[in-house]
1. Search region 172-195 for residues being in contact (Cβ under 8 Å) with a residue 24 or more places away in the chain and touching a Pro at 6+ places or on another chain (Cβ under 9 Å), and hand back the single one that is surrounded by the fewest Cβ atoms within 10 Å (Cβ to Cβ).
2. So, in region 95-132, how many residues would count as being touching a residue at least 40 places away in the same chain (Cβ under 8 Å), surrounded by fewer than 18 Cβ atoms within 10 Å (Cβ to Cβ) and either within 19 Å of Arg17 (Cα to Cα) or in contact with a Lys or Arg (Cβ under 9 Å, 6 or more places away or on another chain) (or both)?
3. Does Leu169 satisfy being surrounded by 14 or more Cβ atoms within 10 Å (Cβ to Cβ) and touching a strand residue (DSSP E or B) at 6+ places or on another chain (Cβ under 8 Å)?
4. For region 120-154, give me each residue that is over 13 Å from the mean Cα position of the chain (by Cα) and among the charged types (D, E, K, R).
5. Among the candidates Gly151, Gly137, which residue alone is of a type in the set (Gly, Ala, Ser), modelled with pLDDT of 95 or more, assigned to a loop (DSSP other than H, G, I, E, B) and over 12 Å from Leu92 (Cα atoms)?
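The values are calculated or read from the model by the stated rules, or taken from the named source; none is laboratory data. Bear in mind the structure is a predicted one, so any value in this text is a computation, not a measurement. Cβ coordinates were reconstructed from backbone atoms using ideal geometry, including for glycine residues, and neighbour counts include every protein chain displayed.
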Amino acid sequence: MSELTNRQRQIVEFIQRQQEHSGLVPSQREIADHFGFRSTNAVRQHVRLIEQKGFLEASDGKARALKVISPLQPLRRRVFDIPVFGSIPAGLPQARTQEAKGCVSIDIGTLNFKPTPRTFALEVRGDSMTGKHIVDGDLVILEHGATPKPGDVVAALIDGESTLKTFLLRGTKPFLKAENPKYPDLLPAHELVIQGVLKLVIRRAR
């Protein structure tokens, strides 16, 4: 059985992901729109080659009759969709309401990271964590419910406002440290709640 090209594998994974999420196989037009093809002719050519390699089956005359065949299953099991719950300030704390805004898909084998149902992502807004190489626009992958150790980067609610900072202890008292000297340390007046401990940073191409 021939190997898939990178684009062919992306198409197969897109078909399977859409079917898992909605129960429907995407149409040729939807596939073309997703990958930026100018026409569905390119989709038909890719699908024909993928069929020849044994990774797809298609029924003639049916718009949504593509079926992913088992050889690609081990590849798909490596991909995990992590919910993105909006943004988090990496600067002065601000009030934020978290809500799901799509997902980011990661290959757990390539990144050597195994998500759990408590794993979530936030988009960084601000420059207070540049000393940890976390910059505005990065996606931070965090684990809810994990106990932070001193030095861990955390998403936290400090006195009801959200921020991304380094968790430290001063004696027995926790505080949050920015990794940019223009921002002050943050000591809670009333409450510090750790919402997630950093596991991974994803940087988008700019």
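1. Out of the qualifying residues, it is Pro188.
2. Of the residues in that region, 4 qualify.
3. No.
4. Residues satisfying the conditions are Arg125, Asp127, Lys132, Asp136, Lys149, Asp152.
5. Gly151
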